[in-house]
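*Asks:* First the structure, then my questions, so here it is.
FYI, it's all coordinate maths here, none of it is from the lab. Keep in mind the model is a prediction, meaning the values are calculated, not measured. Cβ atoms come from the backbone with ideal geometry, glycine included; neighbour counts cover every protein chain shown.
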Amino acid sequence: MESASLIEHDTGQDAREIALVDPAGFEAWRDALPARARAAVEAAQFKGTAGTRVILPGSEAESWSAAFGAPATLGPWDLAGAVKALPAGRYRLAAGREGGAAALGWMLAHYTFTRYLSEPKPIEPRTLLVPKSVDIAALARLADAQVLIRDLVNTPAEDMGPEALEAAVRDVARHHGAEVKVTTGDDLLTANFPTIHAVGRAAGAGREPRLIDMSWGRKGDPKLTLIGKGVCFDSGGLDIKRAGNMLLMKKDMGGAAHALALAGLVMGAKLRVRLRLLIPAVENAIDGGAFRPGDIIKTRKGLSVEIGNTDAEGRLVLCDALALAGEDSPEMILDFATLTGAARVALGPDLPALFANDEALAEGLLEGAGTSGDPLWRMPLWKPYAEMLKSDVADINNSASGAFAGAITAALYLEKFVDPKTPWAHLDTFAWMPTAKPGRPKGGEALGLRAFWAYIEKRYGNHRAE
């Protein structure tokens, strides 16, 4: 279902009205209703509680309208519950309410992942009318970017290995006229990407590790580099995960999905930047050639890393990509990764952990989180904790000693591969909804995408390519 078809500009077409009611204004709203509608409200025990609805009879059988519980100021998800609560049809908000901020959730509430269902039952469309001031095309691009993340993350690893992830990048690149270069298998060693090769070399034929490198834009424009962790499945390697912890590891390429979706937004909006997208795509598998605890690997940057834990593989594939990104002297580097369980212990599944080496960049991203309704929480790059990454036999260990500050030490590891003069932000995101919420079914989810896009669009949006 095309996202853009779910929103229309209001030109006076026939539509049912939805009155938005919050508990604070409920009594005044109810008392102003005609007697029949007031009786329906009482019978349904509707009080304006968020997410609840009531059908209001009109003067004729077919002239009904609806009321839906929502706050006075709408956020992205405040109308999402109405999609399943109301029959298919066309709707407009009553009393001049705009609904633009909530139109995104309205569109995304229609999402279902049906690829593997023999008899899928898609939701019939509910169309929301919005004022002409609402940029429907921009909203649809944002919804489609979020759908891309959901689809990629929801797809099992059997059908979303490194080769399939490369195909997804090529598809987006083809749509926007971007260039893609891919370094695969043993060519990674020749090209000096040893950690990407080490993590992915055990996956076997057809699932070889690779570095996907996409570029778009004019060479003279500001350089923006996005990096996404593309671990298409993570067994943990020889430090194998328990079965319960391995069950969701198809989502370990969620960082790559976020980076690709954000790249698509940048290109779709024709921002005047020189965009580069780097995705190290691997499967962390087990066979006789798998990398081992205690191995020492020389990274692209020249630092040697002792493998303290093969299940801390994400930072290994990212460190070679970060080193490559820095060689191009970009204006900014943003990386996305489903990196640590420690971030989820600290902040839960809904709140991504943000790390940044630049105050202005961090403040801009947090402002973007606020304006987009896509929360982030900044965590510190606490330098004393770098002691936990010390190795007796190498420059650094990929796994911190002890059980403390796992998200911070992972970010500190990555920071060692970033030029301190380059503004850099790292997002440790879950990329998954463990329980369904309005507009957000259980499964793959974009967490942090809209916040980063709000910042990038504000920074570069006044300078669009023709």
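*Asks:* Restricting to Cα pairs below 8 Å that are 6+ residues apart, what does the relative contact order work out to for the stretch 3-134? Please round to a whole percent.
*Replies:* The normalised contact order for the stretch 3-134 reaches 32 percent.
*Asks:* Write out the trypsin sites (Lys or Arg not before Pro) in the stretch 77-134 meeting two conditions: DSSP loop, and at most 14 other Cβ atoms within 10 Å of their Cβ.
*Replies:* R115, K132
*Asks:* A follow-up question, please. Going highest first, how would you order 435-448, 38-51 by mean Cβ packing within 10 Å?
*Replies:* 435-448, 38-51
*Asks:* Label points 7 Å out from Cα along the Cβ direction at N192 and N462: separation in nm?
*Replies:* Result: 3.9 nm between the two label points.
*Asks:* In whole Hz, what ³J(HN,Hα) sequence does the stretch 266-271 give by Karplus (6.51, -1.76, 1.60; θ = phi - 60°), x for Gly and Pro?
*Replies:* After applying 6.51 cos²θ - 1.76 cosθ + 1.60, I find 4, 6, x, 8, 6, 5 Hz.
*Asks:* Which order, highest average first, do 54-64, 217-227, 139-149, 191-201 follow once you tally other Cβ atoms within 10 Å for each residue and take the mean per peptide?
*Replies:* Highest to lowest by the protection proxy: 191-201, 139-149, 217-227, 54-64.
*Asks:* Could you work out, for the stretch 114-155, what percent of all Cα-Cα pairs fall into each 10 Å distance bin, beginning at 0 Å and stopping at the bin that holds the largest distance?
*Replies:* Once binned at 10 Å, the Cα pair distances of the stretch 114-155 give 22, 38, 31, 9, 0.
*Asks:* Residue-wise, which Karplus ³J(HN,Hα) couplings in Hz belong to the stretch 436-449, taking 6.51 cos²θ - 1.76 cosθ + 1.60, θ = phi - 60°, and x for glycine or proline?
*Replies:* 6, 9, x, x, 9, x, 4, x, x, 8, 7, 10, x, 4
*Asks:* Among the DSSP beta bridges whose two residues both lie in the stretch 31-152, what percent are antiparallel, rounded to the nearest 5?
*Replies:* Within the stretch 31-152, antiparallel bridges account for around 50 percent of the total.
*Asks:* Of all the C-alpha pairs in the stretch 1-141, what % are more than 18 Å from each other?
*Replies:* In whole percent, the long-distance tail amounts to 56.
*Asks:* For P57, what is the net charge nearby, where nearby means another residue's Cβ is under 11 Å from its Cβ and Lys, Arg count +1, Asp, Glu -1?
*Replies:* Summing Lys/Arg as +1 and Asp/Glu as -1 gives 0.
*Asks:* Compute the signed sum of charges (Lys and Arg +1, Asp and Glu -1) over the other residues within less than 10 Å, Cβ to Cβ, of R274.
*Replies:* Charge balance in the 10 Å sphere: +2.
*Asks:* Long-range amide H contacts for R92: which residues qualify at under 5 Å (H placed 1.01 Å from N, peptide plane, sequence gap of 5 or more or a different chain)?
*Replies:* R16, E17, I18, L129
*Asks:* Binning at 10 angstrom from zero up to the longest distance, how are the C-alpha pair distances of the stretch 215-352 distributed in percent?
*Replies:* Taking all Cα pairs of the stretch 215-352, the binned fractions are 11, 36, 33, 16, 3 percent.
*Asks:* When the Kirkwood hydrodynamic radius is evaluated over all pairs of different C-alpha atoms of the chain, what value in angstrom, to one decimal, is obtained?
*Replies:* One decimal place: 23.4 Å for the Kirkwood radius.
*Asks:* By DSSP, what percent of the beta bridges with both residues in the chain are antiparallel, rounded to the nearest 5?
*Replies:* 45
*Asks:* Next up: So, with +1 on the Cβ of K and R and -1 on the Cβ of D and E, and no other charges, what is the size of the charge dipole of the chain about its Cα centre, to the nearest 20 debye?
*Replies:* For this selection, approximately 500 debye.
*Asks:* Run lengths n ≥ 4 of DSSP H only: what is the helix-derived mean residue ellipticity at 222 nm for the chain, with -39500 (n - 2.57) per run over all residues, to the nearest 500?
*Replies:* Dividing the helical sum by the residues of the chain leaves -9500 deg cm²/dmol.
*Asks:* Between helix 162-176 and the chain, what is the angle of the helix's C-alpha long axis to the longest principal axis, kept within 0 to 90° and rounded to the nearest 10?
*Replies:* For 162-176 against the chain, the angle is about 60 degrees.
*Asks:* Follow-up question, since we're still on this one. What distance in nm separates the two pseudo spin-label positions at D159 and H175, each 7 Å out from Cα along the beta-carbon direction?
*Replies:* Spacing of the two 7 Å Cα→Cβ label points: 1.8 nm.
*Asks:* What number comes out for the charge environment of L142, summing +1 per Lys or Arg and -1 per Asp or Glu over other residues with Cβ under 12 Å away?
*Replies:* So the surrounding residues net to -2.
*Asks:* How fast does the stretch 316-466 diffuse by Stokes-Einstein, in µm²/s, taking the Kirkwood radius from C-alpha pairs at 4 °C and 1.567 mPa s?
*Replies:* 79
*Asks:* Would you order W29, W424, W77, W382 from fewest to most other beta-carbon atoms within 10 Å of each residue's own beta-carbon?
*Replies:* W382, W29, W77, W424
*Asks:* A further question follows. May I ask for the distance between the Cα centers of the stretch 375-447 and the stretch 106-135, given as a whole number of Å?
*Replies:* Each part's Cα centre sits 34 Å from the other's.
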